[in-house]
1. Does the range 236-245 hold any residues that are more than 12 Å from S221 (Cα to Cα) and either open to solvent by less than 50 Å² (accessible area, probe 1.4 Å) or not in a helix (DSSP H, G or I) (or both), and which are they?
2. Does I52 qualify as being open to solvent by less than 30 Å² (accessible area, probe 1.4 Å), within 26 Å of N4 (Cα to Cα) and at pLDDT below 90?
3. Would you check if there is a residue in the range 202-211 being out of contact with any strand residue (DSSP E or B) (no Cβ under 9 Å at 6 or more places or on another chain), free of Cβ contacts under 8 Å to residues at least 60 places away in the same chain, of a type outside the set (A, V, I, L, M) and open to solvent by less than 40 Å² (accessible area, probe 1.4 Å)?
4. Kindly list the number of the only condition in (1) within 30 Å of N152 (Cα to Cα); (2) surrounded by 12 or more Cβ atoms within 10 Å (Cβ to Cβ); (3) modelled with pLDDT under 90 that fails for S75.
5. Can you list the helices (runs of 4 or more DSSP H) found entirely within the range 246-358 that contain at least 2 residues being crowded, with 18+ Cβ neighbours inside 10 Å and of a type in the set (G, A, S)?
6. Considering only the range 219-250, state which residues are over 26 Å from the mean Cα position of the chain (by Cα) and in contact (Cβ under 8 Å) with a residue 12 or more places away in the chain.
7. Of everything in the range 116-130, what is in a helix (DSSP H, G or I), open to solvent by 30 Å² or more (accessible area, probe 1.4 Å) and in contact with a helix residue (DSSP H, G or I) (Cβ under 6 Å, 6 or more places away or on another chain)? Give them in sequence order.
Amino acid sequence: MKLNLSENIRKFRKERGLTQEKLAEALGVTPGAVYKWESGLSVPELDMLVDIADFFDASVDDLIGYRIKDNRLRSMMERLSRLARTGDPEALTEADKVLAKYPHSFEAVYSCANIYICYSIDDRDEERLNKALELLERARVLLPQNTDPRMNETAIFGAMSSALFLLGKIEDCVEILKKHNACGIYSRDIAMFLSIHLDRPEEAAEFLSETFMGGIINVLSAVMSYVFLYRSRKDFKAALEITTFGVNFLSSVKDGAKPDYLDKIGVYMQALLSYAEYKNGLKKESEASLSKAAACAKKFDKNPDFGLDNLRFTDLGDNTALYDVFGSSAYESVTDLLNRLGEPDMIRRWKELYDNEQ
């Protein structure tokens, strides 16, 4: 805790236009005593501190520069977060204080566990990491207090795996992730630990495929959502840029001519590209993109296949299939998208192009 007694005595004295001699005379001390106070060589006795504060019409807190901290949970958590963002080692001391004051708060226990883990990345401090694991077990018990919808027990197990990894217990780290890998949430980490840290790349292959597939679907779903975001902002230039990216990205991960679910996604991308081109005044380009979308949609709808056989770099097997909520056919899906975009001329043209495809 930093106090500013010496600086404040000097500041208050100068504000009153007093010399050290005059202040000493007013307080009944020697000029040397005032000099030592202002130089930080000594501090006044408690009774003298009160006299100095009274003389300057200040509180003792103001004189010594002390500000009481707000130690309510919310304030302490915000202070802890600020320290952690800058890597300030004071965060560890603050975490100890938070736990001492709020040992039964889920938010405090879980956050401090993560602080201990983050501050052990470089030195792999065993005591700190084991303390983090103990706190995470406690956090599981306290989980009913949680009000953050993004937080659940699976996230706690993920934090545990990080502590185990830093402790060098990589097998335990992988096992805990495998047991709690709902919807492939930890497939990326499992693949990384198996292939890089345990030198078992073949065992990692399944998890790599899941990770790669999930990443691609996430990117393309984000592209679709961005179009609607840019539409609301009337930023059609950005809409064109993101849809162009989406089309190119999809072509880079598709390998093979056999129809599969990637073709249905490709129809979405082409239709959205057509929309973005249309809104940017590129009528010829928009017509060409919509025609391509209609041709691909007709081809897919004649022989629908919701597998992912043509996805590069993956080995997903024959049991993998994906569906979406836009419609069972590519035609219905694009019609739904265009209706949501609110372009009746494009909807009419889309129906004509699709009907004319052989």
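1. Across the range 236-245, the qualifying residues are F236, A238, A239, L240.
2. yes
3. yes
4. With respect to (1) within 30 Å of N152 (Cα to Cα); (2) surrounded by 12 or more Cβ atoms within 10 Å (Cβ to Cβ); (3) modelled with pLDDT under 90, S75 is out only on (2).
5. Those helices (runs of 4 or more DSSP H) span 261-279, 283-302, 330-341.
6. Answer for the range 219-250, where residues must be over 26 Å from the mean Cα position of the chain (by Cα) and in contact (Cβ under 8 Å) with a residue 12 or more places away in the chain: F236, K237, L240, T244, V247.
7. Result: R128, single match.
The values are calculated or read from the model by the stated rules, or taken from the named source; none is laboratory data. These numbers come from a predicted model, not from an experiment. Methodologically, a virtual Cβ is constructed for each residue, glycine included, from the backbone with ideal geometry; neighbour enumeration extends over all protein chains shown. What goes into the accessible areas is simple: the full protein's heavy atoms, side chains included, and nothing from ligands, DNA or RNA. Shrake-Rupley method; radii C 1.70, N 1.55, O 1.52, S 1.80 Å.
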